Amino acid sequence: MRFPRGRRRLAIVVAALLATAAVAVVVHRVLAPAEVSTVARADYPAPARPAAGVIGRLPVAPLIVDGRLRVYAAHRQVYADRPVDGRYRTSPFWSYRRWPAELTGVVASGSTVVSRWSDGQLVALDARTGGVLWRADGPEPVESTAPVRRTWAATVWDAPGLQLTDLPDGRVVLVVTGDAQARGVELSGGRELWRVELPGGRCRSDVGTSATGLLIGLDTCAGAAAVEFRDAATGEVRERWRPPGGPDGFVVTPLGCRTGGSDCLGLRTAGPGDEGGQGWLLTARSPVAAPALDPAGAALVGEQSVAVLDGVVVGRSARTGGQLWRSAGLGAARVLAGQPGRVHLLTEANDLVTLDPVTGRQLSRFALNVGSDGTGWAPGAVTAEDGFVAIERLRRPVDPTGDDRRYYYTGETVILAAT
């Protein structure tokens, strides 16, 4: 049986419209913005206190959260596993995905994990469950020219434009900066406290935040470089400071930070040709000179400066410069990282040595070797938190321009240790 020509044309048109509608539904489902939150199905783990030594190796960099979880970054995902002292990465305890936005940074304080995305969105997650606590708009992050390596270490250990600071009244503020704007957000509920416009043209860069509640930036917009201290509670510039007698141009390195560039206790400024620079302690007023922090490689741990000088590890009071202790016998060691009550050094043989920064007493020492990997690697990015140390292992000689297979020592290149 044949349809009349007019009806046949109508049937073809209807079929085409239905097919187009079906394709549109599929495209919408695939391409529409979406988020997937997979919450925890088990109890929040207890804090772990493993014995000192190498725990295991991981393919990606862990952010130690609340001493209980390891949080990781991926292209469009932030997720956690447990236990915190597990030898390998395990199935996610919880996971949060967004699409098509890309993850650009992760920070944590207590049991709150904040993720930042390429569209400017801030999403705070409850580390205990993975559930969303709040969402807020933020300035879109500055587009980075540096490659995103497969460990995502820069995303979770030193999140660009994303810092935390504690205010004197006990509140924690999340400070978010973009190319031309900064915002202060209260961590407890996501309430925006302030927003300010920043000079464009990338003549200003973040240094970090201070333990006294300040956002620190290096401003070269008016010619001579100046360190800008902005109140994290109000967004107002409290002071613009230059090292007395310093050059017009200098770089600034934060010292004694809790993690990444957050809650820092000091700074080091260095001009062209400076072998080390000048160390400064951050106070409620202008920075105070701290010559004990001048040597390149000196670390600030609490109120102590720790540096390797002529093969001897020396601990000094950062405020007075007075020597507190000396520890010889480590050879060509380097200060790797610090955390409250611990300073970590790496020997030439890749032993991890942990000392008490107040007394110099050795707390632990062991080779950073796992399985049959060996110790013939160079250290890359590192973090120290809650008694743990995690280090990227790089292939020697280090090739910063090489692809990930050439750059990293092994597939599971991050080694995790308890100290």
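The values are calculated or read from the model by the stated rules, or taken from the named source; none is laboratory data. Note that this is a predicted model, so its numbers are computed, not measured. Quick reminder, even Gly has a Cβ in these numbers, built from the backbone with ideal geometry, and neighbours come from all protein chains shown. Just the protein is used for accessible areas: all its heavy atoms, side chains included, with ligands, DNA and RNA removed. Shrake-Rupley method; radii C 1.70, N 1.55, O 1.52, S 1.80 Å.
Between 208, 200, the distinction of being assigned to a loop (DSSP other than H, G, I, E, B), of a type in the set (Gly, Ala, Ser) and without any contact (Cβ under 8 Å) to a residue 60 or more places away in the chain belongs to 200 only.
Taking region 257-275 as the range and being open to solvent by less than 20 Å² (accessible area, probe 1.4 Å) and in a loop (DSSP other than H, G, I, E, B) as the test, the residues that pass are 261, 263, 271. The residues in region 132-172 that are touching a residue at least 24 places away in the same chain (Cβ under 8 Å), under 22 Å from residue 192 (Cα atoms) and not charged (D, E, K, R) can be counted, and the count is 18. Of the residues making up region 276-305, those that are surrounded by 20 or more Cβ atoms within 10 Å (Cβ to Cβ) and among the β-branched types (Val, Ile, Thr) number 1. Look at region 277-300: where a residue is within 25 Å of residue 213 (Cβ to Cβ) and of a type outside the set (A, V, I, L, M) and a partner is part of a loop (DSSP other than H, G, I, E, B) and open to solvent by less than 40 Å² (accessible area, probe 1.4 Å), sitting 6+ places away or on another chain with Cβ atoms under 7 Å, you get 278/243; 279/290; 279/298; 280/287; 280/290. Residue 361 satisfies every condition listed in (1) in contact (Cβ under 8 Å) with a residue 12 or more places away in the chain; (2) over 25 Å from the mean Cα position of the chain (by Cα); (3) surrounded by fewer than 21 Cβ atoms within 10 Å (Cβ to Cβ) except (1). Among the criteria (1) without any contact (Cβ under 8 Å) to a residue 40 or more places away in the chain; (2) crowded, with 18+ Cβ neighbours inside 10 Å; (3) of a type outside the set (Lys, Arg), the one residue 401 does not fulfil is (2). Among the residues here, residue 295 qualifies as in contact with a Leu (Cβ under 9 Å, 6 or more places away or on another chain), at pLDDT below 95 and part of a loop (DSSP other than H, G, I, E, B).
If the condition is being over 25 Å from residue 136 (Cβ atoms) and open to solvent by 30 Å² or more (accessible area, probe 1.4 Å), then region 204-235 contributes 220, 221, 222, 223, 224.
Going residue by residue through region 219-242, is there one that turns out to be free of Cβ contacts under 8 Å to residues at least 24 places away in the same chain, touching a Cys at 6+ places or on another chain (Cβ under 8 Å) and of a type outside the set (A, V, I, L, M)? Looking for residues that are free of Cβ contacts under 8 Å to residues at least 24 places away in the same chain, touching a Cys at 6+ places or on another chain (Cβ under 8 Å) and of a type outside the set (A, V, I, L, M), one finds at least one in region 219-242, hence yes. Do we have any residue at all in region 77-94 that's assigned to a loop (DSSP other than H, G, I, E, B), open to solvent by less than 20 Å² (accessible area, probe 1.4 Å), modelled with pLDDT of 65 or more and aromatic (Phe, Trp, Tyr)? Yes. With respect to residue 327, determine if the residue is hydroxyl-bearing (Ser, Thr, Tyr), over 25 Å from residue 259 (Cβ atoms) and open to solvent by 10 Å² or more (accessible area, probe 1.4 Å). Judged against the criteria, residue 327 is a match.
Counting the residues of region 95-131 that are in contact (Cβ under 8 Å) with a residue 24 or more places away in the chain and either charged (D, E, K, R) or not in a strand (DSSP E or B) (or both) gives 14.
Has region 159-179 got any residue that is assigned to a loop (DSSP other than H, G, I, E, B), within 15 Å of the chain's Cα centre (by Cα) and among the basic types (Lys, Arg)? No. If the condition is being of a type in the set (S, T, N, Q) and modelled with pLDDT under 95, then region 182-207 contributes only 205.
Entry remark, region 166-203: residues being among the hydroxyl-bearing types (Ser, Thr, Tyr) and either under 21 Å from residue 126 (Cβ atoms) or surrounded by fewer than 20 Cβ atoms within 10 Å (Cβ to Cβ) (or both) number 1 in total. Report, by residue number, each residue of region 132-152 that is crowded, with 16+ Cβ neighbours inside 10 Å and not in a loop (DSSP other than H, G, I, E, B). Scanning region 132-152 gives 133, 134, 136.
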